[in-house]
1. List A:F261, B:F195, B:F489 from most exposed to least, where exposure is judged by having the fewest other Cβ atoms within 10 Å.
2. Round to the nearest 10 and give me the degree value, 0 to 90, for the angle of helix A:164-176's Cα axis relative to the longest principal axis of chain A.
3. Measure off 7 Å from each Cα along the Cα-to-Cβ vector at A:R238 and B:A293, then give the distance between these two points in nanometres to one decimal.
4. With a sphere of radius 13 Å drawn around the Cβ of B:H159, what net charge do the other residues whose Cβ falls strictly inside it have (Lys, Arg +1; Asp, Glu -1)?
5. Calculate the spin-label point distance for A:A247 paired with B:E106, positioning each point 7 Å from the Cα along the beta-carbon direction, and give it in nanometres.
6. Assuming 0.36 nm per residue, please report the length gained on full extension of the stretch A:D48 to A:E258 beyond their Cα-Cα distance.
7. Using a Förster distance of 60 angstrom, determine the FRET efficiency expected from the C-beta separation of B:D121 and B:A481, and round it to 0.05.
8. Pop the C-beta distance of B:F90 and B:D61 into the FRET formula with R0 = 35 Å and round what comes out to the nearest 0.05.
Amino acid sequence: MQAEPTNELQLNQPTAIDGAANLPVIEVINLVKHYRASDGLVVHAVRDISFAVLPGEMVGLLGANGAGKTTTLRVLATLLQPTSGTARVVGRDVQRDPVHARRQLGYVSATTGVPDRLTPTEILRSFGRLHGLKGDLLAARVVQLIEILDLSSCAHRPAGRLSSGQRQRVSLGRAMVHDPPALVLDEPTNALDVLGSRDLLAFLSTLRSAGRAILLSTHRLHEIEHRCQRFVVIHGGRVVAEGTREALVGPGGGELEEAFFRAIAPAETMAS
Amino acid sequence: MNNESTGNVGHWRAALAIASRDLLEFVRDRRTLFITLLLPMVTYPIVALSSALGLRTALVDIEARQAPTTLTIALSGEGSVAFAVRIREFVQETRGPRTGWPAALECNVESPQDSRAFLDDGAVDLWLEIRKGAVEALDQQETVTVEVHAGSVHPASGHVREQFTALMRSFADGVRRQRMAQAGLPQSVLEPLQFTFLQEGSGAARSIDAMPIENMVPQVAGAILVLLAILTMTGAFYPAIDAIAGEKERGTIETLLIAPCRTQDIVFGKFLAVYAITLATLAANVISIALTAAVGLRFLPAGALERIDDMTLGTVVTVLAFMGLAALAAATCLAVTTASTSAKEAQNTLTPVILLVSALAGAALLPGLPAQQHGGVLAAVPFTGQVIVARAAISGVRAASAEAGVGAAQGKPAIALSLAITLFSSASLAWLLLRATAAMLADEEILFRGPDTAGSVFARPAARTRPTIVQGVVPIVAGLAAVWYLQGFAPDDLLLAIPLQQATAVLLPLGLSLGWQRVNLRQTFRIQWPCPDGQWWHVAGCTIGAALVGSGLFVCGAAALLAVKGTHVSAETQLLSSRLLGLMQNQPWWLSWSLMALLPAVCEELLFRGWTLSAFVGKARQRERVVGAVVVQAALFALIHLLPERMPQTFFLGLVLGWITITTGSLLPALICHVAHNSMPLILMAGMANAVTATQGAESAEGNGVAVAKSLGLPGGMVMLAIGCVAVGMILIGWSMRSRSADAIELASD
């Protein structure tokens, strides 16, 4: 991947949302999710969360461990069924119409792996086929992604022998193979070093510029502080703050991290 | 390109895309390649070589033991010199067959002390004491007694004794012939019959002492088929572990679950990949067997090959039956490993299953199953049926037909029918297992559960609304074990045996399960009226309908059993039936009814339609899962009744009871249906009391009723009435439920 990707990358405009530029690509409305832990106890992971991500927008989902970030993103990725409330991707309800919602979505998490014995080219090709791509279109898309993600040098090397950064880029390529208008990323920079994180986030900024709606969660606030247009802070399964960086840090300025602590502090106090 | 250019991917295309991706991964795994290709190529030659070596050693040993040796005899006593001379002359003069004789005879006259010493040293094999005038006595047609000392320090071997006996018999024959000549009698006095074996036809005619090679085919084929079944199952081992548990471990399963296809397509794609590898393993095994057999057949005695039936049909049937087995193996391995979160956990889970499958395959060789038997219903038993069918086909159509007492033309359809049964069984079970795999794969609790810890296994789980699927099966497995083991200890008196059986096989496992896993009793056992919001006639409709269905089903089941089995029921069924009949005749009606109808119905309904059905159905609303739950609990209900001939009827009864419970949302109608069903023997016995004497009745029991049917002759009118009862009962239940409000149905189905 280039150190600082530019708009020269051959990214297409997502036509799925053409003519509906102001309609949210990702919507979460009064989402509630309870699940049963391995000890049998019911965990109220998400109590009531609502937010939206517009096209061309990168939104950071912030929260401490156990705040409900991963659960929210898994519901969006159709991996979990909401207990109540709604989640939509390009208007498709993830519960009622999961297959169509998946077509509009790319999902990468920190725990998402890649098949060790397949090469990046094979991985991208197999997922392209799963998304209905075939023939020349599929081959062209794979070549394009290999180039965009700077995987040319290892395109035919088994993924088990790739570095963490390269594997994460393969994951991202897998999520983008069908060129979805929405990307949901759960701590995508977790396994990456500083350089890898910077490259990945820079690439995501490029995607955002090309009109994709991106929702990502991370603990490394400083990395996304100036990359995201808006932030949603959740704590104890509820949204405790939402807005631009400027709105969160307030007129006095300061770091996003301080604003984050301020946002979750009342809830922490109540909890204690 | 944009996301709209990605087309709708069909179910098959999605499955094939996943299958090709997985296959690519599997063939790059060295363990899979070893199991698939290398192991079969090595196993059969090793088995053949070790068998051949063992056989050869045994033959050499037999040959060595049967080869003539030099026999050394010491003779003592006053008549020993003349006897020794007579023996030597006989040996020298004898021409013709000397079957069983020693290669040479050393006959020395010694003193008794020397003879004893030589015998103890092992210098002579036997020591004979010959009395004075022994030879003269032989000539005077007396009987001479010879004392033979076989030694105590170096006792003579059996082979030495056999050779000596053969020699002495020949000697005695010579004396006998001499006496006949002296008496002027012809030889025919001694030999009234003489046999001559004539060989007819070409050299292919059997030699009477040739090895019965064709008799060895079923035994050898059986052993190889069991090995083939185990190795075919092993072929699915690593791919199945890799396919789901491995994907979970690598964190790649999520990437598939967010692909735009159904979970069933993912599971089917994975099944295709695992099946392909399992089929490759099967092919490699078959090729290895064929090559090993080709080498082995070259060493068969001349003419033996012609005596073995043509193997073409047997090979085709075997390959087809084992293709079904391979599908079942692939689906079983996938289903078993789906709940695992890592390859290691899956390996630990799957290993006992492989052992279980080996036992099932080996069961096909049990003595009760002749090689030529096609299996019948047993052909449907997973992993056993395939081996039975293939073995019968390989044993030869001719042998199979001879065994069945029919011509060869009728033997082939019998094999074809068995093959169809086993293929249908394999396909059905594989389908059910894949449905279960898909359900488990999509289950959030399984998908995102953490690794098992030692503490969590023994910690009492938190309360749930309903038991889990595993918890639904556990009391039945425990109950099945209890039923089985109690057979040897159960008292003969049914007054004690029935309550004891229900207590240990049903109530105890259920009680322990309830103590372990706290559940919502009302929802799990559906403790509510069938129509809580309905009018009294809705409740009455359900109740009367259930009673009609139960009583009608009993008569229909008895008639069906009578039509299929006639009065040829197994000894176990007859024993149980006669004991039940005794109970009905000797005890007050209310006691018989409580023991035969009320108690089993209450206990079994609580377990099967309460605990287990709720566990299987869960909170799901999918029609397919509900249907699957009803079918599986009915199968378990049939299984726990143990006697195979009762299983079809109890399975059908279980289906109906499950349907009633699901439809009405209450356990009560199923309970009434079950009580009515079990009460019918008593009612029928009471009805026929005047018509048939008690001794004419043979048997009657829950689920069989052969004797009642036989005694009454089950007139066509009664069967029609029973069918009518079932139909009217079902209509009544359906009408009662449909006439309720939609809200009530939702409440009841919860």
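1. Numbers: A:F261 13, B:F195 4, B:F489 9.
In order of increasing Cβ crowding within 10 Å: B:F195, B:F489, A:F261.
2. Around 90 degrees separate the two axes.
3. 7.5
4. -2
5. Label at B:E106, label at A:A247, 11.9 nm between them.
6. Details: separation 210, 0.36 × 210 = 75.60 nm, distance 2.41 nm.
Working it through step by step, the gained length comes to 73.2 nm.
7. Details: r = 64 Å, r/R0 = 1.06.
It comes to 0.40.
8. Details: r = 32 Å, r/R0 = 0.92.
It comes to 0.65.
We did not get these values from a lab; they are worked out from the coordinates using the rules stated. All values reported here derive from a predicted model rather than from experimental measurement. Every residue, glycine among them, receives a Cβ derived from its backbone with ideal geometry; neighbour counts consider all protein chains shown.
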